[in-house]
Amino acid sequence: MSDEAVSLLDLPSPILLEILSRLPPTTLLYVKTVCKAFLSLTLDSQFSKLFRSRSSASIIINQFYSVRTISRTNILKFLKFIDSPEDLGTHEIFHDPNFDLDLHLYFPVSPFSLVGSLHGFVCFNYFSNGIDTVYILNPSTREYIILPEAQGVRKWPNLVTYGFGFDPVRFEYKVVRIYQEEVRDVTNGPRYYKSEGQVYTIGKGYWRSAGHVMFCFGCRAFGVDLYGKLHWLVSDANRRELICSFDLESELFGTFPTAPGYSEENCPNLRSLGVFGRCLCVCDNSAGSHFEVWVMKEYAVTSTWVKEMVINITPECNNWLSYEMINLLKVFEDGEVLFLWRDDFLFLHHPLKKTLKVLDICESNFWASAHVSSSFSLKNFEAEVVNVF
């Protein structure tokens, strides 16, 4: 360890956290490898809060079809958040079309699915006519890589889903592919799935197997990244809903009970997994009379599930709110929550003010994810062929 590093460690922790939070991601990557003390500081919750506050937070939208032009598209849009100058403690959401990126000339059009976004990197999956390709790109640097093809043919009845996560211990970004192979005990008997976890670490250049679990992950929902783990809502051979986790450091699967309210009679595609603050949450829109958000206050502790939010479905919103998948995108500091209804539109709900507002920002047919822009270059990862668009 250098003399400069030792001198920095002599500083009080609050000052050192302040310095580290202002470093660009490329420098931070190096600093974390200098000594364990720096690594521990960057894992501190106060550091995460400071680092996020200095980043450009937004919602990234992938418009995959245009009703206006009646054509498939591949456009990235960015929704920005600013503090309202008129009402302190609140915020405004706006979209500047000048920052839109038309990927049509560089990447395939629909189906080009948004898997997730982490630290400025965006993961996409393209699947069509037997081609199953994963892209990682940074919209700020306009760099991208194409991952090699994984094993396991994606063809019905076999299913595939993905997750994009970050291992905070090894400081590694990983794509996890869940290859689900249908299994039947006897001819025409009940079907269930044997699912293999396939892992690709950015910078390593190859896929590897992480073992099997007997769950069906489906193919609509992608993994939710939290606490160094990816999470999915899954069903077992008895059609019971569980939360399946994948530890990005140990690369082991785990499970724990889902939120209350699940019933085999209800459509599983009306429940979605998300993050509420720093907690897992389940959005449940299967009741018909109301929409619920359950929050797990203590990670993996079943008894801490709390019904955090209930939106009653009134006649005014019955024609759009009920019986469709709703995903939670962001919780603002004033308590207001941003949701995505199916793939059609965004809406805001404030639980204290009891307000419900549909955002007329972009036309329907899009995926969306929380996003923090970064200038972190993909060229920092060895064994990757980096392209520029």
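The values are calculated or read from the model by the stated rules, or taken from the named source; none is laboratory data. What you see is a predicted model; the values in this text were computed from it and never measured. Cβ atoms come from the backbone with ideal geometry, glycine included; neighbour counts cover every protein chain shown. These area figures cover heavy atoms from the full protein model, side chains too; ligands, DNA and RNA do not enter into them. Shrake-Rupley method; radii C 1.70, N 1.55, O 1.52, S 1.80 Å.
Quick notes on this structure:
To keep it simple, each residue is scored yes or no on (1) among the acidic types (Asp, Glu); (2) open to solvent by 20 Å² or more (accessible area, probe 1.4 Å).
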| residue | (1), (2) |
| --- | --- |
| Cys279 | no, yes |
| Ala287 | no, yes |
| Tyr299 | no, yes |
| Ser303 | no, yes |
| Glu308 | yes, yes |
| Ile311 | no, no |
| Glu316 | yes, yes |
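- Hey, Lys379 open to solvent by 30 Å² or more (accessible area, probe 1.4 Å) and assigned to a helix (DSSP H, G or I) or not: yes
- The one condition in (1) at pLDDT below 70; (2) surrounded by 13 or more Cβ atoms within 10 Å (Cβ to Cβ); (3) touching a helix residue (DSSP H, G or I) at 6+ places or on another chain (Cβ under 9 Å) that Leu76 fails to fulfil: (1)
- Counting the residues of region 225-268 that are among the polar types (S, T, N, Q) and crowded, with 16+ Cβ neighbours inside 10 Å gives 4.
- Selection count, region 118-138, where residues are at pLDDT below 95, more than 15 Å from the chain's Cα centre (by Cα) and not β-branched (Val, Ile, Thr): 6
- Scanning region 118-144 for residues that are without any contact (Cβ under 8 Å) to a residue 60 or more places away in the chain, farther than 17 Å from Phe164 by Cα and assigned to a strand (DSSP E or B) gives Ser128, Ile131.
- Where strands (runs of 3 or more DSSP E) fall entirely within region 153-259, those with at least 2 residues that are under 21 Å from Asn269 (Cβ atoms) and not aliphatic (A, V, I, L, M) are at 159-167, 172-184, 191-201, 229-235, 241-247, 253-257.
- Val176 farther than 17 Å from Glu382 by Cβ, β-branched (Val, Ile, Thr) and open to solvent by 10 Å² or more (accessible area, probe 1.4 Å): no
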